[in-house]
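Enquirer: Handing you a structure now.
Every number here is computed from the coordinates shown, using simple stated rules; none is lab data. Only a predicted model underlies this, so the values are computations on that prediction, with no experimental measurement involved. Cβ atoms come from the backbone with ideal geometry, glycine included; neighbour counts cover every protein chain shown.
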Number of protein chains: 2
Amino acid sequence: MTARNVLFIMCDQLRHDHLGCAGHPYLRTPNIDALARRGVRFSQAYVASGVCGPSRMSYYTGRYPSSHGATWNRVPLGVGEMTLGEYLRTAGRELSLAGKTHVMPDEDGIRRLGIAHGSDLATRLRAGYFEELDRHDGHHAEPHSAYADYLRAQGYDSADPWTDYVISAIDENGQVVSGWNMRNVHLPARVAEAHSETAYTTERAMEFIEARGDDPWVLHLSLVKPHWPYMAPAPYHQRYTLDQCLPLHRDPAELENAHPVAAAYRTQEECVNFMRAEVSDKVRPAYQGLIEQVDDHLGRLWELLERTGRWQDTLVVFTADHGDFLGDHWLGEKELFYDTVQKVPMIVYDPSAEADASRGTVDERFVSCVDVAPTILQALGLPAFDHRIEGQSLLAALRGQDAPHREFVVSELDYSFRKARLVLGRQPDECRAWMVRTQRWKYVHWMGLRPQLFDLARDPGELQDLGEDASLEGVRAEMREHLLTWFTRLKPRVTVDNALVAAKTDVYKKAGVFYGVW
Amino acid sequence: MTARNVLFIMCDQLRHDHLGCAGHPYLRTPNIDALARRGVRFSQAYVASGVCGPSRMSYYTGRYPSSHGATWNRVPLGVGEMTLGEYLRTAGRELSLAGKTHVMPDEDGIRRLGIAHGSDLATRLRAGYFEELDRHDGHHAEPHSAYADYLRAQGYDSADPWTDYVISAIDENGQVVSGWNMRNVHLPARVAEAHSETAYTTERAMEFIEARGDDPWVLHLSLVKPHWPYMAPAPYHQRYTLDQCLPLHRDPAELENAHPVAAAYRTQEECVNFMRAEVSDKVRPAYQGLIEQVDDHLGRLWELLERTGRWQDTLVVFTADHGDFLGDHWLGEKELFYDTVQKVPMIVYDPSAEADASRGTVDERFVSCVDVAPTILQALGLPAFDHRIEGQSLLAALRGQDAPHREFVVSELDYSFRKARLVLGRQPDECRAWMVRTQRWKYVHWMGLRPQLFDLARDPGELQDLGEDASLEGVRAEMREHLLTWFTRLKPRVTVDNALVAAKTDVYKKAGVFYGVW
């Protein structure tokens, strides 16, 4: 059976281990847990980059950063790349958006190809072929956005209500203070919970679903939380005490003979601060509160699906673009290759009866964020575009069908925009890295620098870097073989699909070419 | 000093060993040899694919097939890719063309991006950003081309004078026979030498150069010969006897336990025929005649440069897109990874006084076809576009300056359109291969099939495939490490140049983003 609708939910910066169903001992996520009971939770799901932009472009294209080229947040997806929204449109469908995409328009490419500035095509390309019901990228002021207008209409009187209310608080002295300063995130946001980002964006999604009635739809509900600024609205700002948070995971030995890139990252402000326990102590409870808030709103959404009968015909995917170190490994933010950041929640609900046998199970096979786009296309019964898409549909796994499964997953990083590059004295095209993770090992291949290696059987917490252990050169060589295999499977031949290749194979005399004839 | 003009000459299917200056004992190429005395001959120059289309797209983009995506002849270069012509145009220069490009228009991409069919931009994109003075791709009938019109004006009365005169002959019985049939290529073409493809295309180039006077220009003179059909006009059809040709280079042992892809190629018509000595015996003298004809016309061109003073201000590159097996290794045509096909002539003349010390020398360092575009850009003093271009300029080598040099070269193949794929029962996306060639070794990495390995120190003729020699697994592993290194250096981040990365490194607070602040 094919699904009629798709609800593709993404959280921003949500750690894989911050869900009740993933074993968090205190965090309450009953609604996400309920989705896991309806569908399959993939416990070894990895992003293709631990950074918003490249990770999302991999979700949206089904391709790795080495193929789609948007290697970091500030790198636009080239106009030559196609996205899920465009694939859907070739079939007369739309990919609607409520929330964040992090799509950076390729203005140079649009100009180069003479695409008129105000044209519908330019608008679509700039939006990554999303139909933007309401785009809200979060993490920076958007004073002219629909959300800002909404806030002003609710009485938040400000030219920039996001800065002044959503991420601000009133401190103990009655002063307005900013959530940009992590010292303040124990305070409740000045915005009412009902007007917060999570509430607002979920509301837009619910309005859309309700308005569609029985007309089919594909919706990306892309919540900007629990991404920083970590300011939670009441009552979520105080839902958790520090002793209900996951403890800091780090070892002083990690700072000795640290990998040069990790050491360089630790000179960056976010790491300098998160290395101080008072910072993570303050942030972790707020981070958990933001997640519980997300879960509560997903509960409202589930009720809508129930009331409208949409659980019968809607594929639901729940995931995140990457995690958050929160001080683990002496790091803040994301990017580097620890599971903390690279492994993400991934729950897929397939309404088809074929998936009944798998409901509520945990699938421990490796999956990748590039698998989401092909899963959606297959669920809707649309062409696979498999000359471009590098991931593979997860439906076979959900439906108990045979399918090849990965021996390893790969993720990438381009740190050329980061201070770490300057610390290391490297050029902008010398800053890429690739992670290969098998069941047993994690290997990181850095351009021009020594590799990293973790033995996950003996050291599941990734505290001991064996990248220079001479006895393990054989393991590292094997991991490089995997990486080479991965590179050879990338799909650069984007202008001709596989069916056309097949149709044109060994056909040339018809075109009047008779070479090799005696 | 920067050059004012560039003359970028390409022959089609010209073997590296079919030049006097490269040691051919009989073939007369005095004008090409003279160019080698004026400049530097690179004796280890390799293409990025042994097939016209992908090789040329690598010359024209400075990128490998794994990056530009045009992996075989019938695969268009995507509109997202930029070419030398477009780089030149950003600086107000044009890349003019006389002859062949093998550019396949990306009609799907043009349509997808709404580029108006008859627009100047669509025309440029369809032409790979060449200004087509006179395009003549050869190797198939072009009855509506300027060349066909020219032939008709000379009295060759035919709807398709190329088929009826240029590649036809009159046999011993007075019958018109076709040069498509290799049994006929000892006969003279029905076209007069002065009206043949080589003469015509060179004439167009000379007209252009003369007409430009002192206005600067960049010209791609791209001769379709000595590519098949191997029909030479008199007197070149009988310039050489078989004993003045290079002997067949092949060993019966090559047919035993042959690599599966080589064995599959040998079922294709061009190989089936070239495996018969009578075929190569007939083709080789004609092939050499076609090369001598090219050389004679280059002599006329050199005289024009002399007469107009253009040797003082013109960079000249002479090369080919790949070689021709002519029966060597029991193969016809090209594609597979023997030096016969992958190594090409490469002579570069730099008018700058800085290059005086290197004139007439042979440079044995590895160079690649992707180096030509950056050489031209540097010679003209234009930006390097080094976030896209993967080759490196050869000017440092010519001018005796320090520059990194390659430890290995890489070439690629996608045989998905060939009968060999069907013979092997493989899918269209399972047919790629990569060659890594160091001074000592040649390794070929085939998707899903055993590798090939040749020890060029002991077996310079590449007759003994050591791909399964257990004692050499260490060598093969080392070659795979080189291949991995090559993959990591490809340049997918095409939408942001290195200067912009540098300018935006560690800059985010200006954009109103203050993460990681305590």
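Enquirer: Where does each of B:M479, A:M447, A:M206 land when they are ranked from fewest to most other beta-carbon atoms within 10 angstrom? It would help to have the intermediate numbers written out before the result.
Expert: Values: B:M479 24, A:M447 16, A:M206 19.
The most exposed by this proxy come first: A:M447, A:M206, B:M479.
Enquirer: To continue, here is another question. Could you derive backbone 3J(HN,Hα) for the range A:54-64 from the dihedral phi with the Karplus parameters 6.51, -1.76 and 1.60 (θ = phi - 60°), listing whole Hz in sequence and x where the residue is Gly or Pro?
Expert: With coefficients 6.51, -1.76 and 1.60, one gets x, 5, 5, 5, 6, 4, 7, 9, x, 10, 7 Hz.
Enquirer: While we're here: According to the square roots a ≥ b ≥ c of the eigenvalues of the Cα gyration tensor, what is the shape class of the range A:5-511, taking rounded for a/c under 1.5, prolate for a/b larger than b/c otherwise, and oblate for the remainder?
Expert: Note, shape of the range A:5-511 comes out rounded.
Enquirer: Something else now. Around A:T361, which amide H atoms from residues at least 5 apart in sequence, or from another chain, sit under 5 Å from its own amide H, with H modelled in the peptide plane?
Expert: So A:T361 has HN proximity to A:R41.
Enquirer: Restrict the search to the range B:131-183; then list the GluC sites (Glu not before Pro) that DSSP places in a loop and that have at most 13 other Cβ atoms within 10 Å of their Cβ.
Expert: On the way: sites: B:E131, B:E132, B:E172; in loops: B:E172.
Answer by residue number: B:E172.
Enquirer: Quick check on the range B:384-518: take the gyration tensor over C-alpha atoms, sort the square-rooted eigenvalues as a ≥ b ≥ c, and tell me if it's rounded (a/c under 1.5), prolate or oblate.
Expert: Working: a/c = 2.45, a/b = 1.72, b/c = 1.43.
Cα axes put the range B:384-518 in the prolate bin.
Enquirer: According to the square roots a ≥ b ≥ c of the eigenvalues of the Cα gyration tensor, what is the shape class of the range A:249-389, taking rounded for a/c under 1.5, prolate for a/b larger than b/c otherwise, and oblate for the remainder?
Expert: Because a/c hits 1.5 or more and a/b exceeds b/c, the range A:249-389 counts as prolate.
Enquirer: Compute the separation of the alpha-carbon centres of the range B:53-81 and the range A:140-193 and state it in Å as a whole number.
Expert: Using only Cα atoms to place each centre, the spacing works out to 51 Å.
Enquirer: Moving to a separate point now. What list of ³J(HN,Hα) couplings, whole Hz, do you get for the range B:447-459 from phi and the Karplus terms 6.51, -1.76, 1.60, once you set θ to phi - 60° and write x for glycine and proline?
Expert: Taking θ as phi minus 60°, the curve returns 4, x, 10, 5, x, 10, 8, 10, 8, 6, 6, 8, 9 Hz for the range B:447-459.
Enquirer: Something else about it: Give me A:L223, B:L242 sorted ascending by neighbouring Cβ count inside 10 Å, so fewest comes first. Please list the in-between numbers first.
Expert: Details: A:L223 27, B:L242 14.
With the fewest neighbours first, A:L223, B:L242 line up as B:L242, A:L223.
Enquirer: So how long is each side of the range A:385-437 along the principal axes, counting just the alpha-carbon atoms, biggest first, in Å?
Expert: 50, 24, 13
Enquirer: Let me ask something else about it. So who's got an amide H within less than 5 Å of the one on A:I9, skipping anything under 5 residues away but keeping other chains? H placed 1.01 Å off N, in plane.
Expert: Those qualifying (amide H under 5 Å, at least 5 residues apart or on another chain) are A:L221, A:V317, A:F318, A:T319.
Enquirer: If you don't mind, there's one more thing I want to ask. What list of ³J(HN,Hα) values in whole Hz, one per residue of the range A:414-426 in order, does the Karplus curve 6.51 cos²θ - 1.76 cosθ + 1.60 (θ = phi - 60°) give from phi, with Gly and Pro shown as x?
Expert: Running phi through 6.51 cos²θ - 1.76 cosθ + 1.60 with θ = phi - 60° gives 10, 9, 5, 7, 8, 3, 3, 4, 5, 4, 8, x, 9 Hz.
Enquirer: Antiparallel as a % of all DSSP beta bridges within the protein assembly as shown, to the nearest 5?
Expert: 45 percent
Enquirer: Then there is this: What whole-number distance in Å separates the alpha-carbon centres of the range B:225-300 and the range A:431-456?
Expert: 48 Å
Enquirer: Take every DSSP beta bridge whose two residues both sit in the range B:5-511, then give the antiparallel share in percent to the nearest 5. Mind dumping the intermediate values first?
Expert: Details: 26 of 55 bridges.
DSSP beta bridges in the range B:5-511 are roughly 45 percent antiparallel.
Enquirer: For B:D465, what residues show an amide H to amide H distance below 5 Å, using hydrogens built from the backbone and excluding near sequence neighbours?
Expert: Distant-sequence amide H within range of B:D465: zero hits.
Enquirer: Still on this structure, I have one more. Of the chymotrypsin sites (Phe, Trp or Tyr not before Pro) in the range B:336-372, which ones lie in a loop per DSSP and count no more than 10 other C-beta atoms within 10 Å?
Expert: For chymotrypsin sites (Phe, Trp or Tyr not before Pro) across the range B:336-372 that sit outside H, G, I, E and B with at most 10 neighbouring Cβ atoms in 10 Å, the list is empty.
Enquirer: Further, regarding this structure: When only alpha-carbon atoms count, how far does the protein assembly as shown stretch along each of its three principal axes, as whole angstroms with the largest first?
Expert: Over the protein assembly as shown, Cα extents along the principal axes are 101, 61, 60 Å.
Enquirer: Could you sort out which of A:K509/B:K343; A:K225/A:K343; A:K334/B:K504; A:K510/B:K100 sit more than 25 Å apart by Cα distance in this structure?
Expert: Over 25 Å Cα-Cα: A:K509/B:K343.
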